[in-house]
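The values are calculated or read from the model by the stated rules, or taken from the named source; none is laboratory data. What you see is a predicted model; the values in this text were computed from it and never measured. For neighbour counting, all protein chains shown are included, and Cβ atoms are generated from backbone atoms with ideal geometry for every residue, glycine included.
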Amino acid sequence: MSDIDDLIDFLAASPSPWHAVASSAARLSAAGFTGVEYEAQWDEMPARGFVVRGGALVAWRRGAATDARSALRLVGAHTDSPCLRVKPRPDTGCVGWKQLGVEVYGGVLVNSWLDRDLGVAGRVVLADGTAHDIVVDEAICRVPQLAIHLDRDVNERGLVLDKQQHLTPVWGSGAPQAGEFADWLTTQVFVGPTTSTIAAWDLCLFDRTPPAVLGADQSLLASGRLDNQVSCWAAIDAITTADDPGDTTAVVALFDHEEVGSESVTGAAGPLLEHVLERLSLATGATRADFLHQLANSTCVSADNAHAVHPNYRERHDPDHQPIVNRGPAIKLNSNQRYATTARSTAMIRRVFADAGVPSQVFVSRNNMPCGTTIGPITATRLGIETVDVGVPQLSMHSARELCGVDDPVSLAIGLRRYFS
């Protein structure tokens, strides 16, 4: 299987943050990593292990020559993507249509969700507190666009969508019934009669169109959730296949909730990574001083996709910093600290990519076009470690279906393998 086929399998198996974590955990387990319970007492820890908490995962791999003060080589990414999420009381509708109430999650490119066959995926929690991940990869609902006959100047004035009024998908015909969605969901979680009841859920709608290599030259990849599951895949691939880290420890942190600000138990602004790293340090018998020394000598690669220059909107990019697909990962810089990259971390990652034989580029936003941000500044602030932001160039960021080159994800994975080893 080629690397790009492996990435396609990862994307197809990961329609929600919880499934991205499950996919990552399965790959780590297959590579000999040991899962550790987050709530357990951490005493003797495996040299290769991982911990899962909700839609987040932290994995580590100690080199053969590490000690209590050995540096960390950290790669951070995020598992979540902008989407539509099912509300707690979703049963709604009118004029003969059954509809599902949804909430917009993150900076969704809303028009991209119109007229797509949508499935349902995420996590269901039962009344007894147990959680079950679920995927219904069937055409469950759809957000139909208004016919052009009823909106004749839409092509001239542009499509304007009210997120509350115009994004409610249809999922059947007839009069809506309270509790109907919960009843249907119960049949998807359980086979046959059950006395268990669903207490709550975190459910994402997802476009059922599978990932596909695109173009007559097979040079492009189209899929949902490229931002940022491409980076999750590359990070997990790197930590499982890289050479021994030697006198360092390789760490992968896959956070949830980056698309909504990272402020959560499993987000980069929360204490998850810091606590995991300190607990790992203390489990080796290290002191607090040893841990702080370790952080001072560590580095972080914040991996999150970048904006490729759009052929139809070239004016939206700085003319001298235009990432082009299939020319390598982009090093992302912003003087206003929307990215955490410094001159020192730039030199470090350029050297790593060059040693790996991987091309790289530079991305800087136009002064009149504010850029987004990543987990990079948050992680750098919490841990005080040198950080660089890099990412695969892509188009259609935050669309239900995004586009990147087939070479760049593989180049990122190869570069991260070198970084770890």
Inset, instruction - Kindly establish whether Ser219 is touching a helix residue (DSSP H, G or I) at 6+ places or on another chain (Cβ under 8 Å), under 23 Å from Phe33 (Cβ atoms), of a type in the set (S, T, N, Q) and in contact (Cβ under 8 Å) with a residue 40 or more places away in the chain. - result: no
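To keep it simple, each residue is scored yes or no on (1) over 23 Å from Val252 (Cβ atoms); (2) touching a Pro at 6+ places or on another chain (Cβ under 7 Å); (3) of a type outside the set (Asp, Glu); (4) buried (at least 20 other Cβ atoms within 10 Å of the Cβ).
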| site | (1), (2), (3), (4) |
| --- | --- |
| Ala340 | no, yes, yes, yes |
| Met348 | no, no, yes, no |
| Ser360 | no, yes, yes, yes |
| Ala400 | yes, no, yes, yes |
| Pro409 | no, no, yes, yes |
Legend entry - Residues (in a loop (DSSP other than H, G, I, E, B), in contact (Cβ under 8 Å) with a residue 24 or more places away in the chain and more than 27 Å from the chain's Cα centre (by Cα)) located in the range 162-174: Gly174
Inset, instruction - For the range 115-143, enumerate the residues that are modelled with pLDDT of 95 or more, part of a loop (DSSP other than H, G, I, E, B) and surrounded by 11 or more Cβ atoms within 10 Å (Cβ to Cβ). - result: Arg116, Asp117
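Could you list, in sequence order, all residues of the range 175-197 that are under 20 Å from Arg85 (Cα atoms) and over 27 Å from the mean Cα position of the chain (by Cα)?
Residues of the range 175-197 under 20 Å from Arg85 (Cα atoms): 176-189.
Residues satisfying the conditions are Pro176, Gln177, Ala178, Gly179, Glu180, Phe181, Ala182, Asp183, Trp184, Thr186, Thr187.
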Legend entry - Pairs, first assigned by TED's automatic domain parsing to the domain that holds Cys232 in the range 1-22, second acidic (Asp, Glu), C-beta under 6 Å, six or more apart: Pro17/Asp80; Pro17/Asp256; Trp18/Asp133
Legend entry - Candidates Asn326, Asn334, filtered to the one that is on the phi > 0 side of the Ramachandran plot, of a type in the set (S, T, N, Q) and in the same structural domain as Ala59 (by TED's automatic domain parsing): Asn326
Inset, instruction - Mind counting the residues in the range 73-114 that are assigned to a strand (DSSP E or B) and either closer than 23 Å to Ala400 by Cα or not hydrophobic (A, V, I, L, M, F, W, C) (or both)? - result: 24
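For every residue, the table says whether it meets (1) of a type in the set (S, T, N, Q); (2) modelled with pLDDT of 95 or more.
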| residue | (1), (2) |
| --- | --- |
| Ser173 | yes, yes |
| Pro176 | no, yes |
| Phe181 | no, yes |
| Val189 | no, no |
| Leu203 | no, yes |
| Ala216 | no, yes |
| Leu221 | no, yes |
| Asn228 | yes, yes |
| Ala242 | no, yes |
Legend entry - Scope the range 369-400; condition touching a Lys or Arg at 6+ places or on another chain (Cβ under 8 Å) and of a type in the set (D, E, K, R); matching residues: Glu386, Asp389
Inset, instruction - Please name all residue pairs, on different chains or six or more residues apart, with Cβ atoms under 6 Å, provided the first residue is in the range 98-123 and is in the same structural domain as Val170 (by TED's automatic domain parsing) and on the phi > 0 side of the Ramachandran plot and the second residue is at pLDDT 95 or above and part of a loop (DSSP other than H, G, I, E, B). - result: Gly106/Pro82; Asp115/Gln145; Gly122/Ser16
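What strands (runs of 3 or more DSSP E) completely inside the range 345-408 contain at least 3 residues that are in contact with a helix residue (DSSP H, G or I) (Cβ under 9 Å, 6 or more places away or on another chain) and of a type in the set (Val, Ile, Thr)? Show your work before the answer.
Details: elements: 361-363, 386-391, 393-395, 402-405.
Once the strands (runs of 3 or more DSSP E) in the range 345-408 are filtered for at least 3 residues that are in contact with a helix residue (DSSP H, G or I) (Cβ under 9 Å, 6 or more places away or on another chain) and of a type in the set (Val, Ile, Thr), what remains is 386-391.
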Inset, instruction - Return the total of residues in the range 1-45 being more than 20 Å from the chain's Cα centre (by Cα) and charged (D, E, K, R). - result: 4
Legend entry - Close pairs (9 angstrom Cβ cut-off, 6 or more residues apart or separate chains): at pLDDT below 95 in the range 398-421, small (Gly, Ala, Ser) and assigned to a strand (DSSP E or B) anywhere: Ser421/Ala250
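How do the helices (runs of 4 or more DSSP H) wholly within the range 213-331 filter down when requiring 1 or more residues that are among the small types (Gly, Ala, Ser) and surrounded by 19 or more Cβ atoms within 10 Å (Cβ to Cβ): which remain? Outline the logic, then answer.
On the way: elements: 226-241, 272-283, 288-296.
In the range 213-331, the matching helices (runs of 4 or more DSSP H) lie at 226-241, 272-283.
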Inset, instruction - Output yes when any residue across the range 46-57 is under 15 Å from the mean Cα position of the chain (by Cα), in a loop (DSSP other than H, G, I, E, B) and closer than 30 Å to Glu180 by Cα, and no when none is. - result: yes
